[in-house]
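Below is one structure, written out as structure tokens; the observations come after it.
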Amino acid sequence: MADDYDEYGDDAPSKSELKRRMTALQELGETLTRLSDRQLEKIPLEDPQLIQAIAEAKAINSNSARRRHMQFIGKLMRNIDPTPIEAALDNLYREQRESADRFQRLEQLRDEVLTQGLKGIEQVVTRWPHADRQHLRQLVLQHQRESARNKPPAASRKLFRYLRELDEHSGGAAS
């Protein structure tokens, strides 16, 4: 009886815990199948069979076949350490969030510059001293003319592209 306790004691994971782990690995594998090829290159995958299974999963359209294939990917995932994959995914998602945040900050800055008119240019020049004040002024005036004539916002888009260019050349420090 003492041997039975050692074998099934607190050290051994319960059946439910094993199932949770397998489900988590399968979900991690499913997350990998939703990544683009470019994103997938950033994930440290060593197992060629897993890489092939992920590629095949992208081509499966049938729900039942896809579900079975996800179970197969989950089975393959059991043989690898998921920690580096999870870390790489976290890094990838962090980069995406930072990029989206930077994009939103630049949109907000563009809107402030266009709302304030010529006074808003100072805000850009303060942040990026090497910014072309004359170019900014032309874009703001062009935007005002477009708004008055109900034209498409071409100057607004040009201003955003210019702000993004300034931000990229300064190391992405738009805050």
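The values are calculated or read from the model by the stated rules, or taken from the named source; none is laboratory data. Keep in mind that what you see is a predicted model, and the values were worked out from it rather than measured. Quick reminder, even Gly has a Cβ in these numbers, built from the backbone with ideal geometry, and neighbours come from all protein chains shown. We work out accessible area using only protein heavy atoms, side chains counted, and drop any ligands, DNA or RNA first. Shrake-Rupley method; radii C 1.70, N 1.55, O 1.52, S 1.80 Å.
Per-structure values
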| item | result |
| --- | --- |
| Members of segment 79-105 that are outside any helix (DSSP H, G or I) and either on the phi > 0 side of the Ramachandran plot or surrounded by 12 or more Cβ atoms within 10 Å (Cβ to Cβ) (or both) | Ile80, Pro82 |
| Per-region count, segment 52-74, residues surrounded by 15 or more Cβ atoms within 10 Å (Cβ to Cβ) and closer than 15 Å to Leu25 by Cβ | 8 |
| Count - residues of segment 140-156 that are open to solvent by 90 Å² or more (accessible area, probe 1.4 Å) and either assigned to a loop (DSSP other than H, G, I, E, B) or at pLDDT 95 or above (or both) | 3 |
| Test: Lys42 is open to solvent by 100 Å² or more (accessible area, probe 1.4 Å) and touching a helix residue (DSSP H, G or I) at 6+ places or on another chain (Cβ under 7 Å) | yes |
| Qualifying residue in segment 130-139 (condition: touching a Ser or Thr at 6+ places or on another chain (Cβ under 8 Å), surrounded by fewer than 17 Cβ atoms within 10 Å (Cβ to Cβ) and in a helix (DSSP H, G or I)) | no |
